[in-house]
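The values are calculated or read from the model by the stated rules, or taken from the named source; none is laboratory data. Please read all numbers here as calculations on a predicted model, not as lab measurements. Glycine gets a Cβ as well: all are built from the backbone with ideal geometry, and neighbour counts include every protein chain shown. Accessible surface is based on the protein model in full, side chains and every heavy atom, while ligands, DNA and RNA are left aside. Shrake-Rupley method; radii C 1.70, N 1.55, O 1.52, S 1.80 Å.
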Amino acid sequence: MARFTCDWIFNILVVLCDGKVVCGCADPKGERPLGHLRENKLIDIWRSAKVRQIRQELNAGFSGFCLDCGLKKNLKDGAPIPQQPVDLEILPRIFFEPTIVCNLNCFQAVCAPGAGLVATRERKFFPGEEFRLLLEEIGPGLIRLDFFNYGEPFVHPQALDMIEHIKKKYPHIYLYTSTNGLLLDEKKITRLAESGIDEVTFSVDGADQRVYGRYRQGGDFAKLLKNMAALVKEKRRLGREVPFINWRYILFKWNDSFWQMAKTKLLANKIGVDRLTWEITDHPVGAASEKYRIGSPAWKRIFYQIWDSSQIGSALKSTRYIARIKVGKKRLTGSSTQKIVLDVAVKNRGGATWITQAFSGRRWVRLGAQLHDAEKKLLELNFARAFLPRPLAGGDKAIVKLELPVVSSSGDYWLKFDMVSEGADWFEKGGSPVLWIPLNISE
């Protein structure tokens, strides 16, 4: 029997616009429900016997509930089954679907108007007042809210009201949305920028109207570019690092040419987005890029530019997070009773500026050290952190003083040094080299 695991039900619930609750974004019709908000509170669904049983089964390597889901991860023969807590009190993240309705008719997409997905929902829009009550229930403990699922979120007439409410009442929540961008106008763009939303992704699969419109049928490429540029301008006017603005480009067989991708990079640089990434897909059937199929040489070349590879990787040299880290010793020694203080030389070899203050309290850059055992097995991901002495633009360098906590047990260890964009990702995930230094601790 095949064994598999999954992280979703241990970390996330998905709330559909009609109140049905599912455990992943790969259930467009809501065919594997965990519960319904008209019958139970969301936190009670999160703590329910049904959800706990699925977690227990996944910790054993198999759950019949997950057989039809494409999100599960198959385990190799002999590989250990990841073990995660079954009893979870706090719900850390939700995907929230404001509406199932979309303003575009994307080619053979499951949520296209003609695909019939709207008929699977008991209602097309999640009521604003019901949303505020939902946040009263889960908002204090929520870490992240993804304001989209199927449908275009800004079709909802109260979408911006909801976004503003989240950031006003619960500013600690990391708020993310993904949009085709066509329903935004000048006033909405200003409100969106001023709301404090953390991240906005625009789906743009081409560098001109002809190629873009092949999939995004009914879309207006020129209007979309104008709206993206306007949001960048508003963000700069406010002097904030948020919203972090992504251009996400799904690779199909008709838009994966060198020239189309090169032209996209030029446009993305001109607009000033924070990140351009490529997305690999196997849908619609027969439309996927053969050139960039998973595992191909071309795919390997752009691995750190692919959407799912990291939270900071980019196809734009001007927005990459790349570091060079140097420590003046090849080996470190210390005792089990004393801290070690190091001077670490860092250089910004990418294009993105490393900020030291942030309106959102996230995405500032710090130096980090991870503690590993003698076989380089991770012991402590957040072992040590150090602030930069000042913001560093591309090409800038600095000396950072890093204090290592006491390691109480003697023996041999490894330290892995890397930069981190707080609340986003380690630089290594975006293709930046790390520095390994052996550490010996004596009694």
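Brief remarks on what is shown
- Test result for VAL434, closer than 24 Å to SER314 by Cα and touching a strand residue (DSSP E or B) at 6+ places or on another chain (Cβ under 6 Å): yes
- Long-range neighbours under 8 Å by Cβ, at least six apart or interchain, first residue more than 19 Å from GLY151 (Cα to Cα) within the stretch 16-43, second of a type in the set (Ser, Thr, Tyr): LEU34/SER48; GLY35/SER48; ASN40/SER48
- Those residues of the stretch 118-153 which are charged (D, E, K, R) and open to solvent by less than 10 Å² (accessible area, probe 1.4 Å), in sequence order: ASP146, GLU152
- Of the residues screened, ALA298 is not one that is in a helix (DSSP H, G or I), surrounded by fewer than 13 Cβ atoms within 10 Å (Cβ to Cβ) and modelled with pLDDT of 95 or more.
- THR281, sole failed condition from (1) of a type in the set (Ser, Thr, Tyr); (2) modelled with pLDDT of 95 or more; (3) within 25 Å of GLN311 (Cβ to Cβ): (2)
- Residues in the stretch 143-177 that are part of a loop (DSSP other than H, G, I, E, B) and either of a type in the set (D, E, K, R) or under 16 Å from the mean Cα position of the chain (by Cα) (or both): ILE143, PHE147, PHE148, ASN149, GLU152, ILE173.
- Among the conditions (1) within 20 Å of ASP418 (Cα to Cα); (2) surrounded by 11 or more Cβ atoms within 10 Å (Cβ to Cβ); (3) at pLDDT 95 or above, ARG331 misses just one, which is (2).
- Only residues that are more than 18 Å from PHE126 (Cα to Cα) and surrounded by fewer than 21 Cβ atoms within 10 Å (Cβ to Cβ) were counted across the stretch 9-23, and they come to 3.
- Test: residue in the stretch 179-201 that is surrounded by 18 or more Cβ atoms within 10 Å (Cβ to Cβ) and at positive phi: yes
- Of all residues in the stretch 103-114, those satisfying the criterion of being open to solvent by 50 Å² or more (accessible area, probe 1.4 Å) and part of a loop (DSSP other than H, G, I, E, B) are ASN103, ASN105, PHE107, GLN108, VAL110.
- Residue pairs meeting the criteria (Cβ under 7 Å; at least 6 apart or on separate chains; first open to solvent by less than 30 Å² (accessible area, probe 1.4 Å), in the stretch 244-257; second part of a loop (DSSP other than H, G, I, E, B) and aliphatic (A, V, I, L, M)): ILE245/VAL273; ASN246/VAL273; TRP247/VAL204; TRP247/VAL273; TYR249/VAL204; LEU251/ILE280; PHE252/ALA287
- Count of the stretch 178-214 residues which are part of a loop (DSSP other than H, G, I, E, B) and either closer than 16 Å to PHE359 by Cβ or not hydrophobic (A, V, I, L, M, F, W, C) (or both): 9
Residue-by-condition table, conditions (1) within 17 Å of VAL434 (Cα to Cα); (2) at pLDDT below 95:
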residue: GLY313; (1), (2): yes, no
residue: TYR321; (1), (2): yes, no
residue: VAL327; (1), (2): yes, no
residue: LYS339; (1), (2): no, yes
residue: LEU342; (1), (2): yes, no
residue: GLY351; (1), (2): no, no
residue: THR356; (1), (2): no, no
residue: GLY361; (1), (2): no, yes
residue: TRP364; (1), (2): no, no
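Conditions (1) aliphatic (A, V, I, L, M); (2) in contact (Cβ under 8 Å) with a residue 24 or more places away in the chain, marked per residue:
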{"position": "GLN370", "(1), (2)": "no, yes"}
{"position": "ASN382", "(1), (2)": "no, no"}
{"position": "GLY394", "(1), (2)": "no, yes"}
{"position": "VAL400", "(1), (2)": "yes, yes"}
{"position": "SER410", "(1), (2)": "no, yes"}
{"position": "PHE427", "(1), (2)": "no, yes"}
{"position": "ILE441", "(1), (2)": "yes, yes"}
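- Filter result for ALA49 (of a type in the set (A, V, I, L, M, F, W, C), surrounded by fewer than 21 Cβ atoms within 10 Å (Cβ to Cβ) and touching a residue at least 12 places away in the same chain (Cβ under 8 Å)): no
- The residue of the stretch 115-135 that is nearest to ALA159 (Cα to Cα), among those that are in a loop (DSSP other than H, G, I, E, B) and without any contact (Cβ under 8 Å) to a residue 24 or more places away in the chain, is PRO127.
- Selected residue [buried (at least 17 other Cβ atoms within 10 Å of the Cβ) and touching a residue at least 60 places away in the same chain (Cβ under 8 Å)] from ILE100, ILE166, ILE173, ILE81: ILE100
- Qualifying residue in the stretch 85-97 (condition: part of a loop (DSSP other than H, G, I, E, B), open to solvent by less than 60 Å² (accessible area, probe 1.4 Å) and either small (Gly, Ala, Ser) or farther than 20 Å from VAL14 by Cα (or both)): no
- Qualifying positions in the stretch 397-421 - surrounded by 15 or more Cβ atoms within 10 Å (Cβ to Cβ) and either in a loop (DSSP other than H, G, I, E, B) or among the hydrophobic types (A, V, I, L, M, F, W, C) (or both): ALA398, VAL400, LEU402, LEU404, VAL407, TRP414, LEU415, PHE417, MET419, VAL420
- Scanning the stretch 348-387 for residues that are outside any loop (DSSP other than H, G, I, E, B) and either polar (S, T, N, Q) or open to solvent by 50 Å² or more (accessible area, probe 1.4 Å) (or both) yields ASN348, GLN370, LEU378, LEU379, GLU380, LEU381, ASN382, ARG385, PHE387.
- Considering the stretch 204-232, and only residues there that are open to solvent by 40 Å² or more (accessible area, probe 1.4 Å) and without any contact (Cβ under 8 Å) to a residue 12 or more places away in the chain, the residue that is farthest from LEU184 (Cα to Cα) turns out to be ARG210.
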